[in-house]
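Step one of this worksheet: look at the structure below.
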Amino acid sequence: NKHELKMKFIVALLAFLTLVNADCYMQNPRGTNDRLNEANTDRNNANRMFDSQNNAKGGFCYGPAMGFYEGSLLSIEWTVQHGCGINAKLVCNIVLQYICSNSDADPTTLVRDGSTTNTITNDATGATATTNGQLTYGLHEPYSYYQACSTRLRNKGLWINDRNLGGNTAQYTRQNNNANRFGYECPEERDYFPYWAPTPWVDIAVLVPTLDYCPFYQAESFNVKSKFICTNNGVQAAPNNQADCATASLTWTEVPANGHPAPDCVVAPLSRDNHLGNGGDGLHNNMYNWTLPFAKDLPCIANDNCNC
């Protein structure tokens, strides 16, 4: 029997990974751009759940949960101002991901909108706080994930140009040099794909300028490849590589892949640069048809990560 898959697409996580601003917006399912239920033109809080790097006027406000049938096709649609696809002016990848939790999950892992536009507090009590009988804060990643991010040393092999980073953990990146906090998002994981540490996000597809990228992206996805972290009695420690972990007399620990199939990998549809509108045909939003996984009554979030 088919079960209704109640997928609450409450956010599109949008991040450009180069010098351009993001200006990438999910149109279907509705992407919030960090909005909740505010009645004003601009969103209240750009740090509420994630770093969209988008204009404050973009995004959809809270609405009823969107329901879809498992195994059906969902058209993910977006607009991107800085262009994508086979375009001689740029190199662009679009990464589509999702995250789910059981509808009766513990508040520390329950994916939700929350009831306030304030950012969840940076402590273990934020996930369980309530207001008028409802969980107060929106939540994507669990607090433990952000704790690991703020403990693990950043990858110092990444290009940071002339940016002066304020610290050495994975919170600090070229695009987030002061470690500003956006919910429990890990800035380094947000800005770089495929990531080299475990992540709660499941990869759906990678849209690329040339299929030459596909073998690498598919093989390195956490869907199919285990990742390693340095642990101290099972808890994330600072070293980010096996040699430093061994020097510190800690344990280099394998985290198994999440068990989902390798992400699809296709050429990104064309969108011209400096045009936040329809795709290359001039008539429709660019889109990717996703076959929804089989699961029952799961609140979920879609993640549209544009890397140009």
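Just one of (1) closer than 30 Å to Thr210 by Cα; (2) open to solvent by less than 40 Å² (accessible area, probe 1.4 Å) trips up Gly157, so point out which. Unmet condition: (2).
Out of all the residues in region 281-293, which are crowded, with 17+ Cβ neighbours inside 10 Å and either closer than 18 Å to Val208 by Cα or among the acidic types (Asp, Glu) (or both)?
Listed by number, the residues that qualify are Asn285, Asn286, Tyr288, Trp290.
Among the criteria (1) under 19 Å from Arg272 (Cα atoms); (2) surrounded by 16 or more Cβ atoms within 10 Å (Cβ to Cβ); (3) modelled with pLDDT under 90, the one Ile94 does not fulfil is (3). Residues in region 241-259 that are in a loop (DSSP other than H, G, I, E, B) and surrounded by 13 or more Cβ atoms within 10 Å (Cβ to Cβ): Asn241, Ala248, Leu250, Ala257, Asn258.
Taking each residue of region 240-257 that is without any contact (Cβ under 8 Å) to a residue 60 or more places away in the chain and looking for partners that are surrounded by fewer than 16 Cβ atoms within 10 Å (Cβ to Cβ) and among the basic types (Lys, Arg) with beta-carbon atoms closer than 6 Å, six or more apart or interchain, yields Ala257/Lys225. Residues that are of a type in the set (S, T, N, Q) and open to solvent by less than 10 Å² (accessible area, probe 1.4 Å) within region 172-208 comprise Thr173, Asn176, listed in sequence order.
Across region 112-149, the number of residues qualifying as open to solvent by 30 Å² or more (accessible area, probe 1.4 Å), in contact (Cβ under 8 Å) with a residue 24 or more places away in the chain and among the aliphatic types (A, V, I, L, M) comes to 1. Under the condition of being in a loop (DSSP other than H, G, I, E, B), open to solvent by 10 Å² or more (accessible area, probe 1.4 Å), within 19 Å of Val111 (Cα to Cα) and out of contact with any Phe, Trp or Tyr (no Cβ under 8 Å at 6 or more places or on another chain), the residues counted in region 47-91 number 6. If you go through region 101-144 and keep only what is more than 17 Å from the chain's Cα centre (by Cα), of a type in the set (Ser, Thr, Tyr) and assigned to a loop (DSSP other than H, G, I, E, B), you end up with Ser103, Thr108, Ser115, Thr116, Thr117, Thr121, Thr125, Thr136, Tyr137. Within region 217-231, one or more residues are among the charged types (D, E, K, R) and either under 20 Å from Gln53 (Cβ atoms) or in a loop (DSSP other than H, G, I, E, B) (or both).
The values are calculated or read from the model by the stated rules, or taken from the named source; none is laboratory data. Remember, it's a predicted structure, so these values are computed and weren't measured experimentally. Cβ atoms come from the backbone with ideal geometry, glycine included; neighbour counts cover every protein chain shown. These area figures cover heavy atoms from the full protein model, side chains too; ligands, DNA and RNA do not enter into them. Shrake-Rupley method; radii C 1.70, N 1.55, O 1.52, S 1.80 Å.
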